[in-house]
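Before any comments, here is the structure.
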Amino acid sequence: MKICLFFTFLLYLVSSIHAYQVSHDGRAIIINGERRIILSGSIHYPRSTPEMWPDLIKKSKEGGLDAIETYVFWNAHEPSRREYDFSGNLDLIRFLKTIQDEALYAVLRIGPYVCAEWNYGGFPVWLHNMPGIELRTANGVYMNEMENFTKLIVDMVKQEKLFASQGGPIILAQIENEFGNVQEAYGDAGKAYIQWCSNMAQSLNVGVPWIMCQQSDAPEPMINTCNGYYCDEFTPNNPNSPKMWTENWTGWFKNWGGKDPLRTTEDLAYSVARFYQTGGTFQNYYMYHGGTNFGRTSGGPYITTTYDYNAPLDEFGNLAQPKYGHLEELHDVLHSMEKILTSGSVNNTNLGNSVAVTMYTLDGESSCFFSNANETTDATISYKNVNYNVPAWSVTILPDCITEVYNTAKVNTQTSVMVKKLNDAENEPISLQWSWRPEMIDDAIILGRGQSSVHELLDQKVVNDTSDYLWYMTNVYINKTDPIWSDDMKLRVNASGHVLHAYVNGQYLGSDWATFGIFNYVFEKKVKLNPGKNYISLLSATVGLKNYGPHFDTIQSGIPGPVEIIGKNGDESIIKDLSSHKWSYTVGLKGINNKLFDENPKYNTGKWDSHDVPINRMMTWYKTTFKAPLGNAPVVVDMQGLGKGTAWVNGQSIGRYWPSYLAEGSCSLYPCDYRGPYSADKCTSKCGEPTQRWYHVPRSFLSSDENTLVLFEEFGGNPSLVNFQTIEVGMACGSAYENKTMELSCNGRPISAIRFANFGETEGSCGSFGKGSCSSEQDVVSKCLVQASESLFGTTNCGNNEKRLIVEAVC
């Protein structure tokens, strides 16, 4: 007995030695007594693969991050009630341990509502169908399910000793998410719900602080935090709470039909520097790596498969330069000032015209921020008899209040231009041999014999989102003596905003869909009916369920109705409403239900035909084999020429594709100006081009020999142009301001040529540089490219103008 007690004591002693005590005050996150500022970045484990996690997290650490933040995705982990999945890229514990392996902290945002442009905001759709439930409010049915899942996650994490209080990496946990943005719509029940969330979270005894983002009335001891493009003016609701920024949006998401967003490197760095200038303690990039919406995980509706988000690590895990490197330099400077930022006294001086000086002092030392929030005018700040030029919309950081070490608008990091490389393993697309088979729309669909039937139109969520596709089928008797009968009859369907395909008497009538942010439209087509019985079959295809907004969960999907036949009798319109007819329903499509995309389909339902492969044919399956591209560079598949559908590689879904949906609207013809507040409509590009042409195929999906690509083409397209390529750095453009050091890299590949080099003033941008009004007289190319200085490259005739070293290298 004494031996057992001694062993128990030893185990307790060992575990407690490595435990972290995490607390906070109004100035710092305090970890084991050490006052810290935390720089964090969001990486969502289901949007990448386990094989990618170590590299993503390693690059995050090398980029100067202290922590990785992730949501927990309820609908992915509990797709059916009390049936759980933590396999593959849903292995949350493995992801957290990978963070721990790199000696980084973790922030666990349990939610379990997450938004995240994720299908249904992360809620499992079966929740919606529980009797008596109301989501995100003081509703017993909902709160019981939310508590059950939250406890499940906490218990799993505790069992693996992953909270900091147990020696693990998790220093913060989050309950709920951005509820304050919509709380007014829920009234007093919403206030009671937030108090319940706080009490429930505290009862779990995780040993680390809990946060609530965008929750200005967060009950103590919850810490309320800020989300947005800028949070320097944010003040927590408790003076003892640190100033925390859980989502600094590094760019924006894409929607089908949307343009490519861009948040400039300079503006993102400016927002971070301003935040720490004004007393920030924790800042998280949303996203640091955005990744891919594999399968049916994208929300919206109409969110694309790519979730690149213009993040410092691109969708494929490459360094997105210059954003990654410019932020890395900022992180290094901020870390060097950590002690004075968290413990020093603060003095702010407003110089007018949106210019300000902030000085932190501690033990006789000082650090300074010079900020210029003016959107057009540069500022000259005279400080201790020295003049400092601070460009418009920028922050200069002087760790000793003398030497300018960093300015957010002066980028000293290379710009990497990524290019696609053809598959060297085989000659594509010529080598891809396609076979095909039709999606069987059989007599059961044509004659309306479904799996179930009711006398009403159902919300598509009633089938628990087990498929994008749901057939709505009915029939109607019309005789020539019927008042509605005419030569000018129409079928009119009030749809929910997703895709609709209409068939009448087995013949295709037409299709329609909406655009992002539109949640209903009217489909109306002229129809030729037969005297007697007519069969109407409507196929609804969801494109991700809504994920945000007050009561977003109640917005209908599928066909809300009415569904009407419209006839003409002279000038009079006669309407026959079919909405309360007997409607039969069939979930999914036969090919998907039978897993034609799998290497071992569920049923042997016939052969693929390799002869006379059709193009531009709706509801068609295509299949081909290919060799994996050589090397280790990320792989993409070019879907140009296709309409809309879903793709699988070796049985694993790489997501929905829709290259036929072109980006709408207008794009600026002028270079993007980083100055001034950012919005998602600023600096957009690629108008009139496919919303998404290239789709990520993770290397872990591929085998070294033969691989299979299966497409379900819903709209009709031409697969002959499909091909696989790799993504690599094609050009590296280095930039270094005077007395700064330049570093050029082709990600391990050699530099094959120097296309342009200049020290002085340079015009243009990467790929189109030209010498400006002044430059050095010596040949820059022949010099060792280390430091941008006249001592190395010779004098210029630039006078006091700012000089830069610019080099454009071909990889």
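What is the residue count in segment 444-462 for residues that are within 33 Å of the chain's Cα centre (by Cα) and either closer than 27 Å to Thr625 by Cβ or open to solvent by less than 30 Å² (accessible area, probe 1.4 Å) (or both)? Before you say what the answer is, go through the steps one by one.
Taking segment 444-462 first, the residues within 33 Å of the chain's Cα centre (by Cα) are 458-462.
Cutting the leftovers down to either closer than 27 Å to Thr625 by Cβ or open to solvent by less than 30 Å² (accessible area, probe 1.4 Å) (or both) gives us 459-461.
Summing the residues that are within 33 Å of the chain's Cα centre (by Cα) and either closer than 27 Å to Thr625 by Cβ or open to solvent by less than 30 Å² (accessible area, probe 1.4 Å) (or both) in segment 444-462 gives 3.
Which of the residues belonging to segment 294-308 are open to solvent by less than 10 Å² (accessible area, probe 1.4 Å) and either among the hydrophobic types (A, V, I, L, M, F, W, C) or closer than 16 Å to Asn248 by Cβ (or both)?
Ile303
Starting from residues that are assigned to a loop (DSSP other than H, G, I, E, B) and over 12 Å from Gly567 (Cβ atoms), keep the ones in segment 480-500 and report whichever is most open to solvent (accessible area, probe 1.4 Å).
The qualifying residue most open to solvent (accessible area, probe 1.4 Å) is Thr481.
May I ask you to list the residues in segment 532-569 that are under 23 Å from Arg136 (Cα atoms), among the β-branched types (Val, Ile, Thr) and open to solvent by less than 30 Å² (accessible area, probe 1.4 Å)?
Result: no residue meets the conditions.
Name every residue in segment 366-397 that is over 18 Å from Arg263 (Cα atoms) and charged (D, E, K, R), in order of residue number.
The answer is Asp378, Lys384.
Quick one: count up the residues across segment 85-103 that are within 19 Å of Tyr20 (Cα to Cα), open to solvent by 50 Å² or more (accessible area, probe 1.4 Å), part of a helix (DSSP H, G or I) and touching a helix residue (DSSP H, G or I) at 6+ places or on another chain (Cβ under 8 Å).
Qualifying residue count for the region: 1.
Please work out which residue is farthest from the chain's Cα centre (by Cα), limiting yourself to segment 379-408 and to residues that are small (Gly, Ala, Ser) and buried (at least 22 other Cβ atoms within 10 Å of the Cβ).
Filtering segment 379-408 for residues small (Gly, Ala, Ser) gives 379, 382, 392, 394.
Now narrow it down to the ones that are buried (at least 22 other Cβ atoms within 10 Å of the Cβ): 379, 394.
Working: Ala379: 36, Ser394: 27 Å.
Among those residues, the one meeting the criterion is Ala379.
How about segment 1-82: which helices (runs of 4 or more DSSP H) wholly inside it have at least 1 residues that are at pLDDT 95 or above and either exposed (fewer than 14 other Cβ atoms within 10 Å of the Cβ) or in contact with a Lys or Arg (Cβ under 9 Å, 6 or more places away or on another chain) (or both)? Before you say what the answer is, go through the steps one by one.
Numbers: elements: 2-17, 53-62, 74-77.
Qualifying helices (runs of 4 or more DSSP H): 53-62.
Would you check if there is a residue in segment 267-279 being open to solvent by 10 Å² or more (accessible area, probe 1.4 Å), in contact with a strand residue (DSSP E or B) (Cβ under 7 Å, 6 or more places away or on another chain), of a type outside the set (Phe, Trp, Tyr) and closer than 19 Å to Pro634 by Cβ?
Checked segment 267-279: no residue is open to solvent by 10 Å² or more (accessible area, probe 1.4 Å), in contact with a strand residue (DSSP E or B) (Cβ under 7 Å, 6 or more places away or on another chain), of a type outside the set (Phe, Trp, Tyr) and closer than 19 Å to Pro634 by Cβ.
Output the qualifying pairs, or none if there are none: Cβ atoms under 6 angstrom, residues six or more apart or on different chains, first residue in segment 585-598 and closer than 14 Å to Thr620 by Cα, second residue in a strand (DSSP E or B) and β-branched (Val, Ile, Thr).
Short answer, once both residue conditions are applied: Phe597/Val710.
So, Val522, is that one open to solvent by less than 30 Å² (accessible area, probe 1.4 Å), in a strand (DSSP E or B) and of a type in the set (Val, Ile, Thr) or not?
no
Scan segment 18-34 for residues that are in contact with a strand residue (DSSP E or B) (Cβ under 8 Å, 6 or more places away or on another chain) and in contact (Cβ under 8 Å) with a residue 40 or more places away in the chain and jot them down.
Tyr20, Gln21, Val22, Ser23, His24, Arg27, Ala28, Ile29, Ile31
Restricting attention to segment 496-538, which residues are hydrophobic (A, V, I, L, M, F, W, C) and over 26 Å from Thr306 (Cα atoms)? Before the answer, list the steps.
Residues of segment 496-538 hydrophobic (A, V, I, L, M, F, W, C): 499-500, 502, 504, 509, 513-514, 516, 518-519, 522-523, 527, 529, 536, 538.
Answer for segment 496-538, where residues must be hydrophobic (A, V, I, L, M, F, W, C) and over 26 Å from Thr306 (Cα atoms): Ala502, Val504, Leu509, Val522, Phe523, Val527, Leu529, Ile536, Leu538.
The rows are residues; the columns are (1) β-branched (Val, Ile, Thr); (2) surrounded by 17 or more Cβ atoms within 10 Å (Cβ to Cβ).
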residue	(1), (2)
Leu127	no, yes
Lys151	no, no
Lys158	no, yes
Gln174	no, yes
Ala185	no, no
Ala192	no, no
Val206	yes, yes
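May I ask you to list pairs of residues, at least six apart or on different chains, whose Cβ atoms are under 6 Å apart, with the first in segment 637-653 being open to solvent by less than 10 Å² (accessible area, probe 1.4 Å) and the second being of a type in the set (Val, Ile, Thr)?
Val637/Val697; Ala647/Ile654; Val649/Val697
Only one of these conditions is not met by Glu328: (1) of a type outside the set (Val, Ile, Thr); (2) open to solvent by less than 20 Å² (accessible area, probe 1.4 Å); (3) in contact with a helix residue (DSSP H, G or I) (Cβ under 8 Å, 6 or more places away or on another chain); (4) outside any loop (DSSP other than H, G, I, E, B). Which number is it?
(2)
Please note which strands (runs of 3 or more DSSP E) are completely contained in segment 386-473 and include at least 3 residues that are within 30 Å of Phe552 (Cβ to Cβ).
Details: elements: 386-390, 394-398, 415-422, 435-438, 452-454.
Per the criteria, 452-454.
For Asn347, all conditions in the list (1) surrounded by 15 or more Cβ atoms within 10 Å (Cβ to Cβ); (2) over 25 Å from the mean Cα position of the chain (by Cα) hold save one; what is the number of the exception?
(1)
Restricting attention to segment 599-639, which residues are more than 28 Å from Lys420 (Cα to Cα) and acidic (Asp, Glu)?
Glu599, Asp609, Asp612
I'm trying to understand the selection: among the residues of segment 630-644, which are modelled with pLDDT of 95 or more and on the phi > 0 side of the Ramachandran plot?
Answer for segment 630-644, where residues must be modelled with pLDDT of 95 or more and on the phi > 0 side of the Ramachandran plot: just Gly641.
For segment 426-443, how many residues meet the condition of being of a type in the set (A, V, I, L, M, F, W, C), open to solvent by 30 Å² or more (accessible area, probe 1.4 Å) and modelled with pLDDT under 95?
Total meeting the criteria: 3.
In this structure, is Glu572 open to solvent by 70 Å² or more (accessible area, probe 1.4 Å) and either more than 15 Å from Tyr302 (Cβ to Cβ) or touching a strand residue (DSSP E or B) at 6+ places or on another chain (Cβ under 6 Å) (or both)?
Working: open to solvent by 70 Å² or more (accessible area, probe 1.4 Å): yes; either more than 15 Å from Tyr302 (Cβ to Cβ) or touching a strand residue (DSSP E or B) at 6+ places or on another chain (Cβ under 6 Å) (or both): yes.
When the stated conditions are applied, Glu572 passes them.
Check whether at least one residue in segment 614-629 is open to solvent by less than 40 Å² (accessible area, probe 1.4 Å), charged (D, E, K, R) and at pLDDT 95 or above, and report yes or no.
no
The values are calculated or read from the model by the stated rules, or taken from the named source; none is laboratory data. Everything numeric in this text was worked out from a predicted model, so none of it was measured. Glycine gets a Cβ as well: all are built from the backbone with ideal geometry, and neighbour counts include every protein chain shown. The area values use the complete protein model at the heavy-atom level, side chains included, leaving out ligands, DNA and RNA. Shrake-Rupley method; radii C 1.70, N 1.55, O 1.52, S 1.80 Å.
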